[in-house]
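Following: one structure in structure tokens, then a few remarks.
The values are calculated or read from the model by the stated rules, or taken from the named source; none is laboratory data. Every value quoted in this text rests on a predicted model; they were computed, and no experiment measured them. Every residue, glycine among them, receives a Cβ derived from its backbone with ideal geometry; neighbour counts consider all protein chains shown. In case anyone asks, the SASA skips ligands and DNA or RNA and just uses the protein heavy atoms, side chains included. Shrake-Rupley method; radii C 1.70, N 1.55, O 1.52, S 1.80 Å.
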Amino acid sequence: MSEVVRLSLVAHAMTDAMAAGRFPTDEPLNPVGHRQADASIDLGRTDNVFCGPEKRTRQTAELLGVQAGVEPKLADLDCGRWRGGVLGGVLPADLAIWLTDPTRAPHGGESVVELIDRVRGWLDTLPALRGRIVAVTHPAVIRAAILVALDAPPKSFWRIDIAPVSRTVLHFRGHAWTLRSN
């Protein structure tokens, strides 16, 4: 029997951009986010801990009491020129393209398919590490990892809700990732 890799994907805590419905920048956690992370989940024993390069993921990891190595492949979905703007400020036609065609990035940043490919590449490196791995990252990265594990179509990306400071657990046994309910 092969050794199981257990990956806990933890979404970062609340930021002002999330609360205001803005596309993220490299913003810190807001006071609500600090309280969420302070009162959040016990990660238990970990063998490797990673986080995205943004301030909000690094702060969440710190508040969870773990020393995380920064992993660029855990960066948030690049929203290009929409970064920092409000959702209501996007042209409806551009928003419709972005939400219905995962191969397109009308904002000039990264498409959903590109994000999924980036996350798949990172997931492919984890079985060599073995054991219990924690990644503090973004809802978009967690959605992408779920789609990879389920071999689900990229058009399903926006149908997955990931709450702040929630944990999604994936297991790798021998040849494939599985989604595990907590």
Among the residues of the range 22-63, how many are open to solvent by 30 Å² or more (accessible area, probe 1.4 Å) and in a loop (DSSP other than H, G, I, E, B)?
13
Report the residue count in the range 64-78 for those that are modelled with pLDDT under 95 and either surrounded by 13 or more Cβ atoms within 10 Å (Cβ to Cβ) or not in a loop (DSSP other than H, G, I, E, B) (or both).
2
So, ARG6, is that one free of Cβ contacts under 8 Å to residues at least 60 places away in the same chain and not in a loop (DSSP other than H, G, I, E, B) or not?
no
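Matching residues to (1) acidic (Asp, Glu); (2) closer than 12 Å to LEU74 by Cα; (3) not in a helix (DSSP H, G or I):
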position: THR103; (1), (2), (3): no, no, yes
position: GLY108; (1), (2), (3): no, no, yes
position: GLY121; (1), (2), (3): no, yes, no
position: THR125; (1), (2), (3): no, no, no
position: ALA140; (1), (2), (3): no, yes, no
position: ALA152; (1), (2), (3): no, no, yes
position: TRP158; (1), (2), (3): no, no, no
Among the residues of the range 134-147, is there at least one that is open to solvent by 60 Å² or more (accessible area, probe 1.4 Å) and farther than 21 Å from PRO53 by Cα?
no
Pick out the one residue from ARG81, ARG104, ARG159, ARG130 that is open to solvent by 50 Å² or more (accessible area, probe 1.4 Å) and under 24 Å from ASP42 (Cβ atoms).
ARG130
Being assigned to a loop (DSSP other than H, G, I, E, B) and within 21 Å of MET18 (Cβ to Cβ) is the filter; apply it to the range 160-182 and report the residue that is nearest to the chain's Cα centre (by Cα).
ILE162
Unmet criterion (only one of (1) over 27 Å from ALA20 (Cβ atoms); (2) at pLDDT 95 or above) for ALA128:
(2)
Checked pairs for the range 61-74, first more than 30 Å from VAL113 (Cα to Cα), second not in a strand (DSSP E or B), C-beta under 7 Å and 6 or more apart or across chains, list as LEU63/HIS34; LEU63/ALA37; LEU63/ASP38; LEU64/ALA37; LEU64/SER40; LEU64/LEU43; VAL66/LEU43; VAL66/THR46
Is the range 111-121 home to any residue that is among the hydroxyl-bearing types (Ser, Thr, Tyr), open to solvent by less than 10 Å² (accessible area, probe 1.4 Å) and over 24 Å from VAL66 (Cα atoms)?
yes
